[in-house]
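Notes to accompany the following structure.
The values are calculated or read from the model by the stated rules, or taken from the named source; none is laboratory data. Remember, it's a predicted structure, so these values are computed and weren't measured experimentally. When we count neighbours, we look across all protein chains shown, and the Cβ atoms used for this are built from the backbone with ideal geometry, even at glycine. With ligands, DNA and RNA removed, areas are computed over all heavy atoms of the protein, side chains included. Shrake-Rupley method; radii C 1.70, N 1.55, O 1.52, S 1.80 Å.
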Amino acid sequence: MPPPHSTQPPSPLPPRPRLLQSLGSCSRRAVTSAASSPSPSPPGWPRPLRYAVLGAGFAGLSVAWHLLKSPKDSRVSVDVYDENGVGGGASGVSGGLLHPYSPKAKLLWRGGEFWKESMDLLRSAEKANDTAGSDRDDESLIWRRGILRPPTTEKAADILLENAQSCLQSCSLQVLDSDAAQRLIPGLHVPLNLAVYMPLALNINPRKYLQALFSACQNVANEASASSSEQKEFNLYNEHIDNLHQFSGDYDAVIICLGGKASSLPELTNKLPLRTCRGVIAEFQLPSDTVEKYGSQSPSILSDAWLAFQGPCTVSVGSTWQWKSDNHDPSVSDEEARTATEELLPKASAVYPGISKWDYVRARAGIRAMPPLTANGSLPLLGCLNDVIGERSNCAFWLVGGLGARGLLYHGLAGKLTAKAVISSDENMIPSEFTCWKAIKASR
């Protein structure tokens, strides 16, 4: 097959008679495949383990990556289903700021693990990305310029100062006065002569990252297929999922990573304690004749609104919170965009008045699947779903959901834990804090 970034069409998917028979009413088309043809199992070898991953966003591709990285000498087939393609859902339109802290600069529960696993996936994606290391902002996958957090109230300042005393060495916090903060970001307004700086925090291009992570998955499958002792297959299907039962006879496990759309599956309706929240992000650009640009090494800004700068002339500002929305359309109407900018611009101007010189370009939106609040914070929902949906078959159904507004931070560890549990068929591989949601009544 062509390399991941080739313009040639992908090789056709090898025939799977049993799969096509059980889903004959669907229009099934493999848009990308790796490990071009499955070889028959040698005598005495077990058949390949077959997994379906529903969703090609942060959670889905993390799960797929860790399934493909299963122990050597294994035979694994991973099929990813997403009607919108890689990064076509809420993950692809998220803000992209990555750090392991709460808005009050408190290290999140297991924040160090979440941070490490996300960084591992980012490195794998960068390695697979043709433009890794490019100095051109329009080609960047990651902007390593840190994030600055200037508080706007005395109470917030006191909390930030207290929490800044405990931080990760791998993502440190620095307390700056207004002069130091304004040297980093000329024109920054620092209301209380205080800002917390996260020099190692990142600004990610979400869609490009997901495309690179998808390529990394392809590479794992292709490299394994060259081995005489293992076989890895990886396929992507652009296809709408109507229900879960259509997969039960064809896979050893199905992992649902559909974000806010998970609750729309008939088997999961009113069974997940998730709340949906639509968020709108507005993109602005500096007019071409503007002399003063945003600093090429200046960090992004996190305040009552966040400003994620992608170079000296482009910034995304977010985000709004529309609770209980069922609007999954990523496009934004003129009215919705106007309402969002009227809400976001005053918040952005409070810390960066220069935003008034930037021109509105477009808006994008996505649905967050928000988990319930626990003693350890708002944590992803992980675990086996067979008891939840009443499924009694040889196929196990699993959930990775409720990543909320922290999909970039949570997806690495959530995918790794779930893949281990799926491979071992043991939910106890997942810490109970991520599975205790089953005792919570679903939101209606």
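Some notes on this structure:
- With all protein chains kept in place, the per residue accessible area of the chain amounts to 44 square angstrom at a probe of 1.4 angstrom.
- Between ALA337, ALA52, ALA414, the Gaussian network model of the chain with springs among Cα atoms under 10 angstrom shows the greatest mean-square fluctuation at ALA337.
- Look at the alpha carbon pairs under 8 Å that are at least 6 residues apart: their mean separation over the length of the chain gives a relative contact order of 22 percent.
- Rounded to the nearest whole Hz, the Karplus-based 3J(HN,Hα) values (6.51 cos²θ - 1.76 cosθ + 1.60, θ = phi - 60°) of the stretch 358-373 follow the sequence 8, 9, 5, 10, 6, 10, 9, 8, x, 9, 8, 9, 8, x, x, 7, with x at glycine and proline.
- Taking amide H atoms as placed 1.01 Å from N in the peptide plane, the amide H of LEU97 lies under 5 Å from those of ILE204, each 5 or more residues away in sequence or on another chain.
- Per-atom-type breakdown for the stretch 275-370 gives carbon and sulfur 48% of the accessible area (1.4 Å probe, protein chains only).
- Helical contribution to [θ] at 222 nm, DSSP H n ≥ 4, -39,500 (n - 2.57), averaged over the chain, rounded to 500: -7500 deg cm²/dmol
- Counting DSSP beta bridges with both ends in the chain, the antiparallel % (nearest 5): 65
- Highest mean packing comes first when the peptides 346-356, 229-239, 290-300 are listed by Cβ atoms within 10 Å, giving 229-239, 346-356, 290-300.
- A cut-off of 5 Å between modelled amide H atoms, ignoring neighbours fewer than 5 places along the same chain, links LEU385 with PHE397, TRP398, LEU399.
- Out-of-range pairs (alpha-carbon distance over 19 Å; input LYS127/LYS420; LYS155/LYS347; LYS271/LYS324; LYS106/LYS416): LYS127/LYS420; LYS106/LYS416
- Unit charges on C-beta of K, R, D, E only; dipole of the stretch 275-370, Debye: 340
- 3J(HN,Hα) couplings calculated from phi for the stretch 231-242 with the Karplus curve 6.51 cos²θ - 1.76 cosθ + 1.60 (θ = phi - 60°) are, in sequence order, 9, 10, 10, 9, 9, 10, 10, 7, 8, 6, 9, 8 Hz; Gly and Pro show x.
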